[in-house]
Structures are given as C-alpha cells and as structure tokens.
Amino acid sequence: MSMEQILETARGLDDVLELAPTEGSTFPEIAWGDRFFYYAPDGQVPQREQPYATVVTKNYPGDTRSELDRPGRQRLNIHVGTQTFTELIGEDPRTEGAEVDFAAVDTVLAHPLYRRQGWIAIVDPGERTTDLAIRLLRRAHEDAARRKARIGP
C-alpha cells in the first residue's frame with residue numbers, strides 16, 4: 001500500500017506529468033513498467049529537465065545492487081539536492097560514501113548511481129519511510145517548479 005500512497009500523492013500534485021511507458025509504446029523496452037515524474041504545466045515532457053522522481057521496477061544495466069529483479073520489488077528515486085541529501089544520509093553526496101546494502105528495504109539510501117547529483121533511493125517504501133518519501137516528493141516537485149519559473153520554457 002505504501003508505494004500506491006506515494007503514487008497517488010505524486011499524481012495529485014499541480015502540473016505533474018507522469019510517464020508510465022508500457023509495452024508497445026514509443027519508449028525503449030527497458031523503461032516499460034517504470035514511472036517518471038516531471039513538473040510540466042504544459043503537459044509536455046520538458047526538453048531540458050530530468051524527472052524529479054522515478055519508480056523503477058527492474059534492474060538496469062550497471063544498476064543491479066538494489067536487486068529489483070526479485071519479484072514485487074520497486075525503488076523510489078527522488079532528487080533531493082545536496083543539503084537535504086546530507087541531512088538524510090549524513091554524508092556529502094559528492095563524496096564516495098560508506099558501503100551500504102542498496103537492497104535494504106524501507107530505508108532511505110543514497111542512490112546507487114546518482115548519489116553525486118543529490119538523489120536518494122528507497123526500495124519498497126513501507127511504514128518507516130512512506131511519510132518522509134511523500135514529503136520529499138512534494139519538495140522535489142516544488143523545487144522543479146521553482147527551477148522552471150527561473151529558467152523559463
């Protein structure tokens with residue numbers, strides 16, 4: 001239920017665009033089943049912006065440490081920036097960081113690949129992390145809206 005709560009929250013944000021590629025869509029097969037969230041008041045995928053949050057449902061090449069190929073596993077990824085990353089993880093995202101179990105569930109972790117860019121990851125959010133994940137998701141959406149206002153179309 002936790003991931004569904006998170007997805008419902010994301011879908012309810014103003015000017016959100018959720019991409020959910022499926023089989024037969026124009027998106028690459030590797031993205032099928034995953035979700036990508038953008039701030040997009042015009043309803044179009046921003047050309048110069050990355051999503052501010054994603055939900056991945058499988059291992060990607062070079063990204064297997066979360067063990068997402070195990071049945072039913074999902075990983076929520078949120079761009080939180082340097083300051084919030086440091087507050088959550090206790091380390092600067094630009095440093096190497098301590099060795100962690102990236103497959104740990106319901107735990108806020110540095111993203112296994114995008115740590116340096118200020119991304120966190122939560123495999124199978126649950127009781128311990130859902131409320132925090134929802135707050136971080138809202139903040140990431142607000143940050144994306146501020147960037148859009150500053151940068152323009």
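Derivation of every value follows stated rules applied to the coordinates shown; laboratory data play no part. Please read all numbers here as calculations on a predicted model, not as lab measurements. Cβ sites come from the backbone with ideal geometry, for glycine too, and all protein chains shown count toward neighbours.
Using Cα pairs under 8 angstrom and six or more residues apart, how large is the relative contact order of the range 2-151, in percent?
Relative contact order comes out at 22 percent.
In the range 53-134, with Lys and Arg counted as +1 and Asp and Glu as -1 at Cβ, which of these residues, Ile78, Pro61, Gly118, has the Cα nearest the positive end of the dipole, that is, farthest along it?
So the residue we want is Pro61.
Hey, if you drop one equal point scatterer on each alpha-carbon of the range 2-151 and run the Debye formula without solvent, what base-10 log of I(q)/I(0) do you get at q = 0.10, 0.12, 0.20, 0.21 Å⁻¹?
-0.33, -0.48, -1.38, -1.49
With every atom except the alpha carbons ignored, what do you get for Rg and Dmax of the range 79-153, in angstroms?
According to the Cα coordinates of the range 79-153, Rg and Dmax are 13.1, 40 Å.
Report the net charge of residues surrounding Gly90, where surrounding means a beta-carbon distance below 15 angstrom and charges are Lys +1, Arg +1, Asp -1, Glu -1.
-3
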